[in-house]
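Novice: I'd like to ask some things about the structure below.
Taken together, the values in this text are just the output of simple stated rules run on the coordinates, not laboratory data. These figures come from a predicted structure and were not determined experimentally. We place every Cβ from the backbone using ideal geometry, glycine too, and count neighbours over all the protein chains shown.
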Number of protein chains: 2
Amino acid sequence: MEREEIKKLQWERLQVTLNRAFLRVGHYRKMFEERGIEPQDIRSLEDLSILPFTTREDLTGGDPYQMFAVPLRDIVRLHVTKGRKGEPIVVGFTSHDLDIWTELSQYTLCMAGIGREDVIQITFPFSMSSAALGFQYGAEKLGAAVIPYWDTEVSRGIEVMEEYRATCLITLPSYFSQVFEKAKKGEVKLSSLSLKKVLLYGEPFYTSERDEWEELLEVKIIDTYGLTEIFPPGIACECLAREGMHVFEEHLLIEIVDPTTGKVLPSGETGELVITTLTKEGVPLIRYRTGDITSIITEKCSCGSDLVRIERIKGRTDNTIVVEGIRISAEEVEDFLSNFKKLSLRYQLIVERKEGKDSLSVKVELPPGADITSFRAIEKTSSEAEEKFMERTGIPVKFHLLEPGGLGEKYPLIIDKRKRS
Amino acid sequence: MEREEIKKLQWERLQVTLNRAFLRVGHYRKMFEERGIEPQDIRSLEDLSILPFTTREDLTGGDPYQMFAVPLRDIVRLHVTKGRKGEPIVVGFTSHDLDIWTELSQYTLCMAGIGREDVIQITFPFSMSSAALGFQYGAEKLGAAVIPYWDTEVSRGIEVMEEYRATCLITLPSYFSQVFEKAKKGEVKLSSLSLKKVLLYGEPFYTSERDEWEELLEVKIIDTYGLTEIFPPGIACECLAREGMHVFEEHLLIEIVDPTTGKVLPSGETGELVITTLTKEGVPLIRYRTGDITSIITEKCSCGSDLVRIERIKGRTDNTIVVEGIRISAEEVEDFLSNFKKLSLRYQLIVERKEGKDSLSVKVELPPGADITSFRAIEKTSSEAEEKFMERTGIPVKFHLLEPGGLGEKYPLIIDKRKRS
């Protein structure tokens, strides 16, 4: 499809989306009414920028089904994800939405050069069942053989890969990094692997890591992008040229905005990715702020596709980090601490990757006037905090309690030691 | 469908199955040839009993794809399950197999009175991803709203149930038992649950438990039956009359045999369930020994269905137990111990259910002549054993090391304290 045709299709679908949202979703109707406008006042793709953003906060609070554009009986799938304070967000898919998601997942695989001759092993943790299912449906549509293997124990995952001659692995970078570490230590017999392609999803990774992984394991690694709130996966994917990720523009309209002012930025400039869904029935989203930092690449890709590309995700606008596939925000930690009460709100998050495994620790000061001489009591508080934190977030964590003021005057809120040059 | 029609359909499909197995699966061709017979020598459903059984052992060892009747490129799904010694068994489904499995899963739900207005939450652990997907596909086909929520943390699962007004929960009895324990302690606000039906799968439970659960939670609990090697779920299911489980006979032929002699037993007598698949393309199975003890019920069910029923599963023919959805055999424990070497082969398995959570412990004697005075060394050995056992089986376990002879002369190999009167 030529760019002009894509634009035309996007414009037609945008009109339908705005009308549906206005007629069926209270939140959006209010948004239009507050501004004294109607969907027909948006007269071009560019006009979209006069509408406000949708945020994660809009998806939480009140009725969990408030953003749904169809009655619950037309929904065939519900996925639960998390808001910034850890509260659940529910996303609903109609049968038509699932068809489109499956198609986009299939495109993702095709773009990465995966075909029906492949044996695809899909491994994601519990918390990412939506991604696991998304890839599953796409791979089945493709007609490949699929091994859904949802175990985080890496050595067993490798055994299955060996035994069933998987040619493609789809997983988290942090999981793949553990496979790599085992291979580096000689714990994986490389000759017994049939692996040729690896699709990564859900976490950032660095080009330098990718080079190391590819060299040792003799595989081609492809980065993919999606969001539970929209399509996990199915928003964008690298082609084999790997010069950025192609965006599935027939179904999604993207903008890059200045995270502070909200102003739309021109192609090539770095900012926050904002997405408007063009075909979603269940939960259409208008100008959804993803929190992900990237830029639009306008040069034609050497693969020949006319789909616009975005740079691989460069970071986040908010104070969030992803640990073992689970996103956690500073806000959620704060919310946890303010409910926990035995600790102060002065804290610091530290993420490290050791032997391919990510770990999270929290340094937090005891409240002013706390008795810092009773080691036993301090230990009890910290293990209680660890337990409650794990229960709430599903992330194992180490709490290091400091004396009041122990963090000093100025300190970074998040230290991500996984970042490499 | 009348019984005569069912029988006719079964007979037609059996002939196709035997022919396909003979032509396409080396294992079955050899079986026929060794007996000097050909598929056409089987002239009625009853003649089937002259053929030998297929066992779990036939599915392991050698080429993992040896039982496949189609080339790998026609397989769209591979599920990995475990043999008796813990070695993996792979089961392949063609696209047609998936369609039938989905249909049978849908029947299962219909039989339990679940419809498209329901919101169905599906919760299974990692190890049971095949069951999770099986129910998922069936529920989607039904047009219900499905929440795939694969987290074993019970309190979060309950939150999701409350928040999204799930009307049906599909899970393991041991998981549901934890929900019940929380409700009993008042940790679940019963009025905030919309739950009406619970489908249980994958583990035994007792009628007395079901009564207690139903009374407190005001739900209707339905038992279902399936096997990863055949259809998980999709073999049999209780109807609302709950007078045994209806078998999906259009796709499966069942026999009850004496577990020792292998002789076919008449209806009403208790023995081992043996299943022949009638429509499976990928991995057809002839006279597959399930290891499950039950009997055939011949009286017509009050629901009116002509499908034959089996009693709910009464036990196992082999020394296996299911802990948190994972089946473990005495053979696998022995195999583990003989590889571990620091311990003897005199052991006893104990399973308990505390506050709804199942736990496994192993009492095992130290080898003759072991130094039983070094507590530190013994402790080290036992934690090493626990770690390695967990790595291999995925089941958390407690090892209690005894002095040589500590188990006494005669001792039961398995003590299942979950059994109630």
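Novice: Sequence gap at least 6, Cα distance under 8 Å: using those rules, report the relative contact order of chain B to the nearest whole percent.
Specialist: Relative contact order here is 14 percent.
Novice: So the label point sits 7 Å from Cα along the Cα-to-Cβ vector; using that for A:E379, what distances do you get to the other copies, in nanometres, sorted shortest first?
Specialist: Listed shortest first, these distances are 1.3 nm.
Novice: I want to make sure I understand the PRE zone here: with the label point 7 angstrom from the Cα of B:A241 toward its beta carbon, which residues in the range B:105-148 have backbone N atoms less than 20 Å away?
Specialist: Under cut-off, by backbone N: B:107-114.
Novice: Tally Lys/Arg at +1 and Asp/Glu at -1 over every other residue whose Cβ is under 11 Å from the Cβ of B:D63; what's the total?
Specialist: Net of charged neighbours comes to 0.
Novice: Starting from the Cα of A:M1, step 7 Å along the direction of its Cβ; do the same at B:S208; then give the gap between the two resulting points in nm.
Specialist: 6.4
Novice: Would you please give the FRET efficiency between A:D63 and A:Q40, computed as 1/(1 + (r/R0)^6) with r the Cβ-Cβ distance and R0 = 45 Å, to the nearest 0.05?
Specialist: Between A:D63 and A:Q40 the formula returns 0.95.
Novice: Please state the relative contact order of the range B:75-127 as a whole percent: Cα pairs under 8 Å, 6+ residues apart?
Specialist: 24
Novice: Nearest 5 is fine: what % of DSSP beta bridges in the range B:278-417 come out antiparallel, could you say?
Specialist: 65
Novice: In nm, what is the difference between 0.36 nm times the number of residues separating A:E162 and A:K398 and their Cα-Cα distance?
Specialist: Value of the extension gain: 81.5 nm.
Novice: Where the label is 7 Å out from Cα toward Cβ, how close does A:E153 come to the same position in every other copy, in nm, shortest first?
Specialist: List, nearest first: 2.2 nm.
Novice: Just to verify a number: FRET efficiency for B:K196 and B:K357, C-beta to C-beta distance, R0 = 22 Å, to 0.05?
Specialist: 0.30
Novice: Classify the range A:17-92 from the C-alpha gyration tensor, please: rounded if a/c falls under 1.5, else prolate or oblate depending on whether a/b exceeds b/c.
Specialist: Prolate, since a/c reaches 1.5 and a/b exceeds b/c.
Novice: I need the chymotrypsin sites (Phe, Trp or Tyr not before Pro) found in the range A:360-421, filtered to DSSP loop residues with at most 10 other beta carbons within 10 Å of theirs.
Specialist: none
Novice: Distances in nm, one decimal, shortest first, from A:S95 to the same residue in every other copy, taking the label point 7 angstrom along Cα→Cβ.
Specialist: 1.9
Novice: Counting DSSP beta bridges with both partners in the range A:80-318, what percentage is antiparallel, nearest 5?
Specialist: If we restrict to bridges inside the range A:80-318, about 60 percent are antiparallel.
Novice: Rounded to the nearest 20 Debye, what is the dipole magnitude of chain B about its Cα centre when Lys and Arg each give +1 and Asp and Glu each give -1 at the C-beta?
Specialist: My answer is approximately 500 debye.
Novice: Continuing with this model, one more query. Step through the residues of the range A:210-218 one at a time and calculate ³J(HN,Hα) from phi using the Karplus curve (6.51 cos²θ - 1.76 cosθ + 1.60, θ = phi - 60°), rounding each to whole Hz and writing x for Gly and Pro.
Specialist: With coefficients 6.51, -1.76 and 1.60, one gets 4, 4, 4, 4, 5, 5, 5, 8, 6 Hz.
Novice: Here's something else I'd like to know. Specify, per residue and in Å³, the volume enclosed by the convex hull of the alpha carbon atoms belonging to the protein assembly as shown.
Specialist: Cα-based convex hull of the protein assembly as shown, divided per residue, equals 196 Å³.
Novice: Okay, next question. Tell me the GluC sites (Glu not before Pro) within the range B:338-370 that lie in a loop according to DSSP and have at most 14 other beta-carbon atoms within 10 Å.
Specialist: Sites meeting the loop and neighbour criteria: B:E355.
Novice: Using 7 Å Cα-to-Cβ label points, what is the B:E117/A:F340 separation (nm, one decimal)?
Specialist: 4.6
Novice: Is there a quick way to get the dipole size of the protein assembly as shown? I mean about its Cα centre, with the Cβ of Lys and Arg at +1 and of Asp and Glu at -1; what is the value in debye to the nearest 20?
Specialist: Its charge dipole is roughly 940 debye.
Novice: Farthest toward the dipole's positive end in the range A:80-318, which of A:T207, A:S305, A:S105, given Cβ charges of +1 (Lys, Arg) and -1 (Asp, Glu) about the Cα centre?
Specialist: A:T207
Novice: Next question, about the same structure. If the only charges are +1 at each Lys and Arg Cβ and -1 at each Asp and Glu Cβ, what is the size of the charge dipole of the range A:80-318 around the Cα centre, to the nearest 20 debye?
Specialist: 220
Novice: Can I ask one more? Express in whole angstrom the spacing between the alpha-carbon centres of the range B:178-247 and the range A:39-95.
Specialist: 34
Novice: Another one. For a quick check: with amide H placed at 1.01 Å from N, whose amide H comes under 5 Å from B:H400's, ignoring anything fewer than 5 positions away on the same chain?
Specialist: Amide H to amide H, under 5 Å and 5 or more residues apart or across chains, B:H400 pairs with B:V362, B:K363, B:V364.
Novice: Once you order the gyration tensor axes a ≥ b ≥ c over the Cα atoms, which shape class does chain B get: rounded for a/c under 1.5, otherwise prolate or oblate by comparing a/b with b/c?
Specialist: oblate
Novice: Separate question: For peptide A:138-148, compute the average count of partner chain beta-carbon atoms within 10 Å of each residue's beta-carbon.
Specialist: 5
Novice: Another question, if that's okay. Provide the FRET efficiency to the nearest 0.05 for the B:M390-A:E384 pair, computing r from the beta carbons and using R0 = 25 Å.
Specialist: Calculated transfer efficiency: 0.50.
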